[in-house]
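K.L.:
First the structure, then my questions, so here it is.
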Amino acid sequence: MKFDPTFLRSKVAYRIFILFILCALIPIIALAILSFSQVTQQLNEQSRTRLRYATKGAGLAIYERLLTLEGQMKLVASNMVWRSGATSHTLSQDLSENLTKQFKGLALITEPGKQVPYFGRIQNPPALTASEKDYIISGQTLVTSQTVSDLPARIFMSRAIDPKNPKQGFLLGEINIIYLWDLDEETAIPPMTELCVLDQSNNVLYCSPEVGASIPEQVAAAMRRSSVGQLELEHKGKEYLTSYWTIFLQPRFFTPKWIVVLTESKSDVLAPMAHFTRIFPFVILMSLLVVLLLSIIQIRTSLIPLEKLQEGTKRITKRDFDSRVTITSGDEFEELATSFNTMASWLGRQFKVLTTMGEIDRQILSTLDTRKIVNTLLTRLPDVFPCDCVSLTLIGSDAPYMGRIYIRESKPGSEIQV
């Protein structure tokens, strides 16, 4: 269908066109905005809930792994083969294979600075405070950490061989951080979610490479208010949903606490909306095109009959009463056209009558020739009163009982009969 913009010159057409656009686009845009807002809010809420449970699950998984490592160290201590005066100890092959996956190194510390390694080599082990030594001697398991800038944190676990005989020394193991922090399979951490673990001093024990340094700092600031919570953080122009949960280690491992932090980018949270965002302009464009097409069809359907009626009115003003307006829309416009044609026909007849009567009056007043006057009357009267035959009787004033009759048939070319 060819688009003809000239019809918009009509004020009525312009108002109808604007009304169509507004009535179609405003509800679509309002519904889209409302839907986008509701879905975005729902996705954020679901992500917060999922992140909260995942953070707690990750914290419990880390704690369970520490308990597993503690159990392994207890097993080592109970199965140790001690030979008096020996400088080495042996472990069963199965136990040794498990330990090498869980620890980077395991050694017996008999006195400060002296190690009896089982496997691996523990470089620069941390010095224990008096309270930590007392805790180990009491038969408990100690977990300590060592953080050095620009280097991965080191996690150690220590336990006495025989609390009743402290002279036998204690076991010192450097925990394999891959075993401790690799929680994806066990806890089903949501995809695109990054893990961080802080110690009691807010030092970073572990952080995924994708996590910016400012995020742990912002979490540390929030930890002053609550040990469990959620935040919305910003790093390098990107927004993140962050959830943190505290593992209280003091009762079991003497270390006060670790803080587990899970972070998810809001762009990943709202990824399901990305498709909607991409197709929404296309939907608006298609809606606009459909509205334009329908509005043009409707406006043309409504205004073309009006234009024809307007043209017919102009012809009437020019005394063209024989033209007719033809409209076949099958609605009120067609009925209006029929009434208009009837009115035009009636006005034509009335105007013709008035014109004829005026000509007759002028002819009578302009001449004294009776024959010309009679001829004018017989010729013009059929225009006033449609008929097949016209007759005129003249009665003289001097002979009131006598008259002359003039007859004329209303046929082209007929003559006056006297």
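K.L.:
How compact is the chain by the rule of thumb for globular proteins, expressed as Cα Rg over 2.2 N^0.38 Å?
P.N.:
Normalised Cα radius of gyration, the chain: 2.44.
K.L.:
While we're looking at this one, here's another question. How much length is gained on full extension from GLN310 to LEU293, taking 0.36 nm per residue of separation minus their Cα-Cα distance?
P.N.:
3.6 nm
K.L.:
Let me ask something else about it. Quick one: order LEU233, LEU67 from most to least accessible surface, probe 1.4 Å.
P.N.:
Sorted descending by solvent-accessible area, the residues read LEU67, LEU233.
K.L.:
Okay, moving on. Mind listing the phi-derived Karplus ³J(HN,Hα) values for region 117-127, rounded to whole Hz, using 6.51, -1.76 and 1.60 with θ = phi - 60°, and x for any glycine or proline?
P.N.:
Calculated HN-Hα couplings, in order: x, 8, 7, x, 9, 8, 7, 6, x, x, 7 Hz.
K.L.:
Would you kindly work out the equivalent ellipsoid of region 100-185 from its C-alpha gyration tensor and give its semi-axes, the square roots of five times the eigenvalues, largest first in whole Å?
P.N.:
23, 14, 13
K.L.:
Given H placed 1.01 Å from N in the peptide plane, which residues other than close sequence neighbours of THR255 have an amide H under 5 Å from its amide H?
P.N.:
Placed amide hydrogens put VAL143 under 5 Å from THR255.
K.L.:
Nearest 10 degrees, 0 to 90: what angle lies between the long axis of helix 271-317 and the longest principal axis of the chain (Cα atoms)?
P.N.:
10
K.L.:
Say a site is exposed when it is one of the GluC sites (Glu not before Pro), sits in a DSSP loop, and has at most 13 other Cβ atoms within 10 Å; what is then the longest site-free stretch of the chain?
P.N.:
The reported range is 1-209.
K.L.:
Could you give the length gained on full extension between LYS238 and ARG15, defined as 0.36 nm per residue of separation minus the Cα-Cα distance, in nm?
P.N.:
Roughly 75.7 nm would be gained on extension.
K.L.:
Restricting everything to alpha-carbon atoms, can you work out Rg to Rh for region 292-359 with a Kirkwood hydrodynamic radius?
P.N.:
1.15
The values are calculated or read from the model by the stated rules, or taken from the named source; none is laboratory data. All values derive from a computational prediction rather than experimental measurement. All Cβ positions, even for glycine, are placed from backbone atoms using ideal geometry, and neighbour counts span all protein chains on display. Ligands, DNA and RNA are excluded from the accessible area calculation, which covers all protein heavy atoms including side chains. Shrake-Rupley method; radii C 1.70, N 1.55, O 1.52, S 1.80 Å.
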